[in-house]
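Quick notes on the structure that follows.
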Amino acid sequence: MYRHLVKSGRAKVSKVALNDNSCGWVETLPKRNDIRRLQGDLRCEWVVIGAGFAGLAAARRLADLYPQADIVVIEGQRAGEGSAGRNSGFAVDTSPGRVGDDETMKSKALTSYVINMAGLEYLREAVEAYGLQHTWDGNGKFHCAAEPRHAGNLEKFEEILQQLDIPYEWLEGERLNRRLGIPYYHKGIWTKQAALVQPAALIRGLVLHLPENVRLLEETPVEEIEYGDQVRIQCRQGRVTADKAVVATNGLLGEFGLFRGRMMHLTLTASMTRPLNTAERYRIGDPDPWGILSAHRMGATIRYTSDRRIMMRNTAEYWPGLAMSESDLAARRKLHLKAIRARWHMLPELEIEHTWSGVVAVSRNFSSVFAQPAPNVLAVGGFNAGGIARGTGLAKLLVDQYAGVPSAALSEAQKLAPPAILPPRPLLDIGARLNVMRMRAGAGRE
Ligand SMILES: Cc1cc2nc3c(=O)[nH]c(=O)nc-3n(C[C@H](O)[C@H](O)[C@H](O)COP(=O)(O)OP(=O)(O)OC[C@H]3O[C@@H](n4cnc5c(N)ncnc54)[C@H](O)[C@@H]3O)c2cc1C
């Protein structure tokens, strides 16, 4: 034990994410006035730091398994204002990013799939138990290629789908155009087990239905943590002393002295239009809502949402800092609008209402943190752009591992290698920038 934990046992947190009120998923929800913050000092059995998908799954699972325990979740912003509420809302079963020809890649694809399915199942249970169906569309997702040269990636993806026995269907030509309401894509695979969510609404639903023995304290940024027989957490408003901790702060685990130098951030930006009016909906054939992931890894991720807005995310950058300024966002908004106009040329008057940025935590070997670095500390994070299902699954399974609850999914999670060490700066900065530019260059019309 005590691996990947800062040697001094103490870490000062210097980077904290702050909400900039820009994210369309958050801003279109009713305002909240039920925020509880830490006031003074507090003692509890378990503290969970971070109220994203991972932190909330860990808290829910702890409450399932230890109904008598006093569990406190600490969140620096409001729950869902971090990446958890800023993402594109694909709760994925599997994705072509995991495609590879050799046996190792195939076994990694299986591991990812099993973890994702554990997360999807745990979320689906909550959606059904708490009546959160309005946040959830369980009809799968599309992987599409606009250019025939990228269709080969989909064919490779099909091999994995067949091997893992994952239900899918091809859509091409007129049938695909009609389903989407746009004559843009050449070919697509529809995988049917994934869900499309309104991520901020789903997080809010989970928060409103936290088990009785879980207390959520928001707008309570942690400034310092000290590991030992007890975990001591210094926040701006007071101190929390806990017997045990789950640190679920995603790409900021390093700030908590955990897995330092093993994860970096990529910054993504997205925009959302106003809802289409009735005439516009019928002009495109009134399709059902859908979500497209690109056949090219740097292509656009797009949603046609259940309230008939278009969400476009087509940038990924190596960016200093955790947020972008209004003028940086304005430059990305132009790229989003251009990509929307290219696909919906029949809707020239459609305008964007919201543009936001968010970070994803990436490691060199695309692995995630799934660890118990000290006897009373669990750490989970670093899910690339797939943390809705993967983060939920891994957080739940990590609590299962602690509690000694075996499952086939837990055995798969235990196969994950820790995130590999990143090169030192400035080598990292140069390498990461070049890599992102190189990948983007091949995306073409995707
Ligand atoms: C634009 C965009 C699109 C994406 N699209 C998808 C997608 O379609 N599907 C998908 O699965 N994933 C997607 N992702 C990735 C996904 O959002 C993340 O993988 C997921 O949110 C990770 O969940 P988490 O709970 O680990 O972390 P987070 O959601 O980042 O939660 C961590 C929490 O810890 C809190 N925290 C950090 N430091 C402190 C501190 N000092 N004190 C207190 N609290 C602290 C943060 O405020 C945050 O709320 C996308 C991400 C972005 C940015």
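For this structure, a couple of remarks:
- Any hit, region 371-380, residues being at pLDDT 95 or above, within 12 Å of the ligand (Cβ to nearest atom) and touching a strand residue (DSSP E or B) at 6+ places or on another chain (Cβ under 8 Å): yes
- Where LEU65 falls short, out of the listed (1) surrounded by fewer than 17 Cβ atoms within 10 Å (Cβ to Cβ); (2) touching a Lys or Arg at 6+ places or on another chain (Cβ under 6 Å): (2)
- Candidates ASN87, ASN116, ASN19 - the one that is polar (S, T, N, Q), touching a Pro at 6+ places or on another chain (Cβ under 9 Å) and in contact (Cβ under 8 Å) with a residue 60 or more places away in the chain: ASN87
- Tallying residues that are surrounded by fewer than 14 Cβ atoms within 10 Å (Cβ to Cβ) and either within 16 Å of the ligand (Cβ to nearest atom) or part of a helix (DSSP H, G or I) (or both) within region 265-290 yields 3.
- Residue ranges of helices (runs of 4 or more DSSP H) in region 11-90 with at least 3 members more than 6 Å from the ligand (Cβ to nearest atom) and in the same structural domain as VAL246 (by TED's automatic domain parsing): 24-27, 53-65
- Among residues of region 122-175, those that are part of a loop (DSSP other than H, G, I, E, B) and open to solvent by less than 60 Å² (accessible area, probe 1.4 Å), counted: 9
- The residues of region 396-415 that are open to solvent by 40 Å² or more (accessible area, probe 1.4 Å) and either at pLDDT below 95 or among the basic types (Lys, Arg) (or both) amount to a single one, LYS415.
- Just one residue in the set ARG215, ARG232, ARG262, ARG239 is assigned to a loop (DSSP other than H, G, I, E, B), touching a strand residue (DSSP E or B) at 6+ places or on another chain (Cβ under 9 Å) and open to solvent by 30 Å² or more (accessible area, probe 1.4 Å); that residue is ARG262.
- Across region 182-195, the qualifying residues are those that are open to solvent by less than 10 Å² (accessible area, probe 1.4 Å) and in contact with a strand residue (DSSP E or B) (Cβ under 8 Å, 6 or more places away or on another chain), and the one among them that is farthest from ARG390 (Cα to Cα) is GLY188.
- Residue match in region 191-213 (condition: farther than 24 Å from ASP307 by Cα, within 15 Å of the ligand (Cβ to nearest atom) and of a type in the set (Lys, Arg)): no
- The set of residues in region 352-362 being more than 10 Å from the ligand (Cβ to nearest atom) and surrounded by 23 or more Cβ atoms within 10 Å (Cβ to Cβ) consists of THR355 alone.
- Residue among GLY386, GLY393 that is open to solvent by 10 Å² or more (accessible area, probe 1.4 Å), within 16 Å of the ligand (Cβ to nearest atom) and within 18 Å of the chain's Cα centre (by Cα): GLY386
The values are calculated or read from the model by the stated rules, or taken from the named source; none is laboratory data. Please read these numbers as outputs of a predicted model, since none were measured by experiment. With ideal geometry, Cβ positions are generated from the backbone for all residues, glycine too; neighbour counts draw on all protein chains shown. Just the protein is used for accessible areas: all its heavy atoms, side chains included, with ligands, DNA and RNA removed. Shrake-Rupley method; radii C 1.70, N 1.55, O 1.52, S 1.80 Å.
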